[in-house]
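Asker: My structure is below; once you've seen it, I'll send some questions.
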Amino acid sequence: MATSHDDDLERKQSFALRWATSTPAERRAMLREERTRNAPRSARHAMVCVGVLLVVASIAGAFMVIGSGKSGALVAAFGVTAVLCGVAAELGRRGRTRIAFWLIVLAMAGAMLIEALQR
């Protein structure tokens with residue numbers, strides 16, 4: 001369940017009050033706790049950004065291959081890579097970052113392999 005704006009504001013105010021009244025050792029512990037709490041959200045955002053970036057790069061690569069007049073298999077490989085990276089971005093958005101990461105790795109490895117075989 002997503003937190004409301006009021007809940008987030010209350011949490012930040014509580015954190016600021018605890019910070020102002022804590023010792024340096026307690027502050028370090030608070031920072032560690034904050035980092036571990038935000039880690040899954042950061043991983044999801046990173047996976048979505050990487051997935052979308054690779055979708056755009058795959059589409060651009062497909063257009064470059066079409067312009068150069070190379071094999072249709074290479075165009076299809078870039079198309080499949082774009083689709084798989086899009087699926088990985090959606091999986092990352094839903095919190096399935098490990099699956100999304102391996103899907104991106106397999107998609108990019110496949111595209112590179114096909115491109116290397118076309119040369």
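The values are calculated or read from the model by the stated rules, or taken from the named source; none is laboratory data. All values derive from a computational prediction rather than experimental measurement. When we count neighbours, we look across all protein chains shown, and the Cβ atoms used for this are built from the backbone with ideal geometry, even at glycine. All accessible areas refer to the heavy atoms of the entire protein, side chains included, with ligands and DNA or RNA removed. Shrake-Rupley method; radii C 1.70, N 1.55, O 1.52, S 1.80 Å.
Asker: Test Leu91 against the criterion of being assigned to a helix (DSSP H, G or I), modelled with pLDDT under 90, touching a helix residue (DSSP H, G or I) at 6+ places or on another chain (Cβ under 7 Å) and not small (Gly, Ala, Ser), and give yes or no.
Answerer: Values: assigned to a helix (DSSP H, G or I): yes; modelled with pLDDT under 90: no; touching a helix residue (DSSP H, G or I) at 6+ places or on another chain (Cβ under 7 Å): yes; not small (Gly, Ala, Ser): yes.
No, not satisfied.
Asker: Select from region 21-38 the residues that are surrounded by 10 or more Cβ atoms within 10 Å (Cβ to Cβ) and not charged (D, E, K, R) and write down the one among them that is farthest from the chain's Cα centre (by Cα).
Answerer: The qualifying residue farthest from the chain's Cα centre (by Cα) is Ser22.
Asker: Condition test on Arg18, is it in a helix (DSSP H, G or I), in contact (Cβ under 8 Å) with a residue 40 or more places away in the chain and open to solvent by 80 Å² or more (accessible area, probe 1.4 Å)?
Answerer: Answer is no for this residue.
Asker: Suppose we filter Val83, Val65, Val55 for residues that are in a helix (DSSP H, G or I) and touching a Phe, Trp or Tyr at 6+ places or on another chain (Cβ under 7 Å); which single one remains?
Answerer: Among Val83, Val65, Val55, only Val65 is in a helix (DSSP H, G or I) and touching a Phe, Trp or Tyr at 6+ places or on another chain (Cβ under 7 Å).
Asker: Same structure again: I'm told Met47 meets every condition in (1) open to solvent by less than 40 Å² (accessible area, probe 1.4 Å); (2) of a type outside the set (Lys, Arg); (3) within 20 Å of Leu113 (Cα to Cα) except one. Can you identify the failing condition by its number?
Answerer: Answer for Met47: the failing condition is (3).
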